[in-house]
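Take a look at the structure below.
The values are calculated or read from the model by the stated rules, or taken from the named source; none is laboratory data. The structure presented is a predicted model; accordingly, all values stated were derived computationally and were not measured. When we count neighbours, we look across all protein chains shown, and the Cβ atoms used for this are built from the backbone with ideal geometry, even at glycine. Surface areas here come from the heavy atoms of the whole protein model, side chains and all, with no ligands, DNA or RNA. Shrake-Rupley method; radii C 1.70, N 1.55, O 1.52, S 1.80 Å.
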Amino acid sequence: MIIEKISILNFKNIEEADLTFSSKMNCLFGDNGMVKTNLFDALYSLSFTRNYNNLPDSQLILHGKVFMVLQGYYKNGDNSEEIYCGIKRKQKKVFKRNKKEYERLSEHIGLIPMVMISPADIDLIQGGSDERRKFVDMLISQYDKEYLHSLIHYNKALYQRNSLLKEITSLSDESLFEILEEQMDLYGTSIHQKRIRFVTEFLPVFQRYYKAISQDNEQVDFQYDSHLSDFSLSFLLSSRREKDKTLGYTSSGIHKDDFDFLLDNFLIRKIGSQGQNKTYLIALKLAQFTLLVERGSSVPILLLDDLFDKLDAKRVEQIIKLVAQSDFGQIFITDTNRKYLDEILKDMQHDYKLFHVENGMINEQL
């Protein structure tokens, strides 16, 4: 899958842009005024129906404007796709594929596979379990619609159970809890099994990328920590129901799972340097890319935002060697310094385009 061109109107701090891209390498350099990152966010939004940082839709509209529009034109072999996203203040977001509006936004997930590496991703390493679960759930959902279906229904039942826990009275019908817990057990067990399978398939690919980038003897691991490892979800929910009534929320389930990121058998967030953290992150995302290629019908678009920061020259060189291989398709890279980009492009055997960002404008360099 490649994006041939994009039209942007009033998205974040981009008032207007019409850009045509290379099918292989696209590099953006210039000031640090967020325009480069916001272009990436526009590309991401067209793939996932939401922005990268999950901001409210109203915050995506340029200040002082009443609407924003994104239009992307894609090619996948002989097939063409036109994706439209429009938002007006105080109105529902409109998302269309080839001029036909989706009934449910979840129908779009997986059509345009994409992997983005951003400075904000450090929360995957340093943040809480929610960020790591979100990473895994989004990855699996791109190639497994049944997984996404299970997530949606599990979260709906979880929301209803939590609402019931907050409104509990002595006259509450226990059968309502049993119905909701049965649904959570059904969907949660399926999610748990697929997460186990995912880690088994993902880990060796991730370790291979980390070793290739770091070129040293550091040992990395990626482990799944779940309440369901020892007990069934139905047992956990029923046995903790009285405790949950006191707490006012559901204290066990797959929504409490975590994924431990390890370096030499220790949590990397506790012992890793900035360079090790970023290497770990990039290896995670490149492994994500490879898994999507193996499971999907098209090669994902790869977005590398601020790639060079906090990495030594050796690690940067290894990353560029990896993504320049034929396994990777269309690539976007940003940096504040053109020097690094010129070094990449001088040996590039593929088609490429270079864009300069200045004063909020994006211009192709001929």
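Among (1) hydroxyl-bearing (Ser, Thr, Tyr); (2) at positive phi; (3) surrounded by fewer than 12 Cβ atoms within 10 Å (Cβ to Cβ), where does Thr49 come up short? Answer for Thr49: the failing condition is (3).
Being crowded, with 20+ Cβ neighbours inside 10 Å, closer than 24 Å to Leu263 by Cβ and out of contact with any Pro (no Cβ under 8 Å at 6 or more places or on another chain) holds for only one residue in Ile122, Ile117, Ile112, and it is Ile117.
Screening the candidates Lys134, Lys90 for the property of being open to solvent by 20 Å² or more (accessible area, probe 1.4 Å) and within 20 Å of Asp305 (Cα to Cα) yields one hit, Lys134.
Restricted to segment 259-366, the set of strands (runs of 3 or more DSSP E) holding at least 1 residues that are open to solvent by less than 10 Å² (accessible area, probe 1.4 Å) and in contact with a strand residue (DSSP E or B) (Cβ under 7 Å, 6 or more places away or on another chain) comprises 301-304, 331-335, 352-358.
A single member of Ser190, Ser163, Ser150, Ser141 is at pLDDT 95 or above, in a helix (DSSP H, G or I) and closer than 26 Å to Asp57 by Cα, and it is Ser150. Of everything in segment 219-241 that is in a loop (DSSP other than H, G, I, E, B) and open to solvent by 50 Å² or more (accessible area, probe 1.4 Å), the residue that is nearest to Leu186 (Cα to Cα) is Ser232. Residues considered: Tyr84, Tyr44, Tyr73. Of these, the only one that is among the hydroxyl-bearing types (Ser, Thr, Tyr) and either open to solvent by less than 10 Å² (accessible area, probe 1.4 Å) or not in a strand (DSSP E or B) (or both) is Tyr44. Among the residues making up segment 1-41, those that are in a helix (DSSP H, G or I) and polar (S, T, N, Q) are Thr37, Asn38.
Total residues in segment 179-218 satisfying the condition of being within 15 Å of His149 (Cα to Cα) and either loosely packed, with under 15 Cβ neighbours inside 10 Å or of a type in the set (Asp, Glu) (or both): the figure is 2.
I'd like the full set of residues that are over 15 Å from Asn363 (Cα atoms), of a type in the set (D, E, K, R) and at pLDDT 95 or above, limited to segment 1-48. The answer is Glu4, and nothing else. Scanning segment 137-175 for residues that are among the basic types (Lys, Arg), open to solvent by 20 Å² or more (accessible area, probe 1.4 Å) and touching a residue at least 60 places away in the same chain (Cβ under 8 Å) turns up just one, Lys166.
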